[in-house]
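The values are calculated or read from the model by the stated rules, or taken from the named source; none is laboratory data. Fair warning: this is a prediction, and the values are worked out from it, not measured in the lab. Here the Cβ positions follow ideal geometry from the backbone for every residue, glycine too, while neighbour counts run over all protein chains shown. In case anyone asks, the SASA skips ligands and DNA or RNA and just uses the protein heavy atoms, side chains included. Shrake-Rupley method; radii C 1.70, N 1.55, O 1.52, S 1.80 Å.
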Amino acid sequence: MEVSNHARKRKAIDAGDNSPPSLPPAYRTSDGYEPNALDLSLLEELEKSSNHQVEAVDLKTLKKLVLSFERRLRDNIAARLKYVENPEKFADSEVDLHDELQKLKILAGAPELYPELVASNTVPSIVNLLSHENADIANDVVQLLQDLTDEDALEDNDEPARALVDALVENNVLELLVQNMNRLSEADPDEAAAIYATLTVIENLVEVKPAVAETVCERTKLLRWLVLKIKVRDFEGIKQYASEILAILLQNSTANQKRLGQMNGVDAVLEGVAMYKSRDPKTPDEEEMLENLFDCLCCLLMPLENKERFVNAEGVELMIIIMKQKKYAYGSAIRALDFAMTNYPPACERFVDVMGLKTAFAAFMGKIPLNKRIKRERYKEELEERVISLVASLFAGILRGSRRDRLLSKFVENEYEKIDRLMELYIRYSDRVRSEAERLDQLELDDLELDEDEKYNRKLESGLYSLQLIAVILGHIWCSEHSGMRARIELLLKQQKLSKNDVKEILQEYHDNIGDVEGAEEKERGQARIQLFISAM
């Protein structure tokens, strides 16, 4: 399962006016813009600042910063205890504490010192400030953590990064981050920026230590908070980022997928994508949010129990409606159906019952609506591969009865046009895989050693998996014993100077490489089914 790349960094939330800033007086005249009207004083200030030396960050600097921070923290605690009823008396100590937290940001420039920071036992003091009564101080800590865990700061510093993240998690940073976020209001620009920064910190922690994705969902109510945000009808920046964080948390965690399913997460995500069943997103950011929601849905559809929830929530029907409307989400709906119907016959049966075959086979025949706003190079090819997988899932999920007859009849109608299309795809993918195999053989002649697994994976990337699925579909059709379809397949193979043996070779390779991810029983069942096709042909 692949989802979007989430390592990219987000645009900051604009906390103020969106209008462009006016030009400084030095660049303006009574007639308007004057490019040559330079203020020399600006250049002088720039020259002075360039001569100012930035303090190097070393162990000595670290110790100095830590001692200064701890001292200001103690002063603030003492002042708050002494002047409980008189905030003005401890206001200065909070300004000083704020300044110390700002100074600590310089450590982001020396991540190799993070183990020393952890050893100084300052991490608990920093983390505990997330529950400070003054929300501004807590938000200063969020900004500090964002800097310390930033992807650019941690580049090529894996061990120091893990040392810091481990210390943060051990000191309950996840719980305190989410608790602090719950007291913030998106209506306030500064607090909205703090919410955004909190989500960034969590994303950064997961990037360094993927296990944090499950830990944060076990220990906090972050999942519930994210679900509430994606259910908001109007598009906004926080909703976009919430959808991305949710996709990250679900991507590689079966536990999180099941946990969210139990929280009515399937319904919530369907509710989010349903807003786009008959309209397109208005901006690139909104497009990205919609893709994030579909990433979430596809992740959710991996556990069996969530496939059942999807069918019960009429998710199949919604995806067909989206496909019929031919809007931006068309391709994403195909992808979601592919996930829903893989190894789940009830979804396949529902798809046939609600007249999904006509819509699916229009896509199978190459009638894929192209949206000018989708600029991915392989968009049409990716959809083609998804539709092949979807048709293979239908054959695997519907083995008998009237639904099976309806599925097979699609390959008979219009003078076997879908058999023709299937063989067209077979030839194209076969040629592509053959070219890759020849290229790999040449690499070996050039003394570049590749083991069998690596060669097989390279061929899969070049289209072998789709070719195998096409061969499986041909196997299902052949086993129907329909004389007309069999004759058409043999004729088209003969025209390409091929035979059933070529199809059998592909099926045999597929048979030999079926894994046991779904368990030994499922592997045996899958191999027995492929062996049946080989024997029949």
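Taking the residues in segment 82-120 that are at pLDDT 90 or above and in a loop (DSSP other than H, G, I, E, B) as candidates, determine which candidate is most open to solvent (accessible area, probe 1.4 Å). Ranking the candidates gives Ser120 first. Tallying residues that are of a type in the set (A, V, I, L, M, F, W, C) and open to solvent by 60 Å² or more (accessible area, probe 1.4 Å) within segment 360-385 yields 1. Within segment 462-489, the residues that satisfy the criterion of being closer than 18 Å to Asp512 by Cα and either out of contact with any helix residue (DSSP H, G or I) (no Cβ under 9 Å at 6 or more places or on another chain) or of a type outside the set (A, V, I, L, M) (or both) are Gly463, Tyr465, Ser466, Gln468, Gly475. Report whether or not Val433 is surrounded by 14 or more Cβ atoms within 10 Å (Cβ to Cβ), farther than 18 Å from Gly463 by Cβ, in contact with a helix residue (DSSP H, G or I) (Cβ under 9 Å, 6 or more places away or on another chain) and of a type in the set (A, V, I, L, M). No. Could you list, in sequence order, the residues of segment 455-485 that are in a helix (DSSP H, G or I), within 16 Å of Leu407 (Cα to Cα) and more than 41 Å from the chain's Cα centre (by Cα)? Scanning segment 455-485 gives Gly484, Met485. In this structure, Asn312 does not satisfy being in contact (Cβ under 8 Å) with a residue 60 or more places away in the chain, closer than 24 Å to Leu407 by Cβ and open to solvent by 10 Å² or more (accessible area, probe 1.4 Å). Restricting attention to segment 287-309, the residues that are open to solvent by less than 10 Å² (accessible area, probe 1.4 Å) and either part of a helix (DSSP H, G or I) or of a type in the set (Val, Ile, Thr) (or both) total 12.
Note on segment 177-206: residues that are open to solvent by 40 Å² or more (accessible area, probe 1.4 Å), outside any helix (DSSP H, G or I) and closer than 19 Å to Leu129 by Cβ total 1. Taken together, Ile514, Ile489, Ile473 contain a single residue that is out of contact with any strand residue (DSSP E or B) (no Cβ under 7 Å at 6 or more places or on another chain), modelled with pLDDT under 95 and not basic (Lys, Arg), which is Ile514. In the condition set (1) open to solvent by 70 Å² or more (accessible area, probe 1.4 Å); (2) at pLDDT 95 or above, Lys497 is compliant with all but (2).
Looking across segment 486-507, just one residue is in a helix (DSSP H, G or I) and among the small types (Gly, Ala, Ser), and that is Ala487. Close contacts from segment 131-160, counting a first residue that is in a helix (DSSP H, G or I) and a second that is surrounded by fewer than 18 Cβ atoms within 10 Å (Cβ to Cβ), with Cβ to Cβ under 6 Å and a gap of 6+ residues or different chains, come to Asp140/His98; Leu144/Lys105; Asp147/Lys105; Pro160/Glu112; Pro160/Pro115. Among the residues of this structure, Arg404 counts as one that is at pLDDT 95 or above and either β-branched (Val, Ile, Thr) or farther than 26 Å from Gln257 by Cβ (or both).
For Leu174, the conditions (1) in a helix (DSSP H, G or I); (2) free of Cβ contacts under 8 Å to residues at least 24 places away in the same chain; (3) in contact with a Lys or Arg (Cβ under 9 Å, 6 or more places away or on another chain) are fulfilled apart from (2). If we keep just the residues of segment 317-359 that are touching a helix residue (DSSP H, G or I) at 6+ places or on another chain (Cβ under 9 Å) and outside any helix (DSSP H, G or I), which is surrounded by the fewest Cβ atoms within 10 Å (Cβ to Cβ)? For segment 317-359, the residue satisfying everything is Met355.
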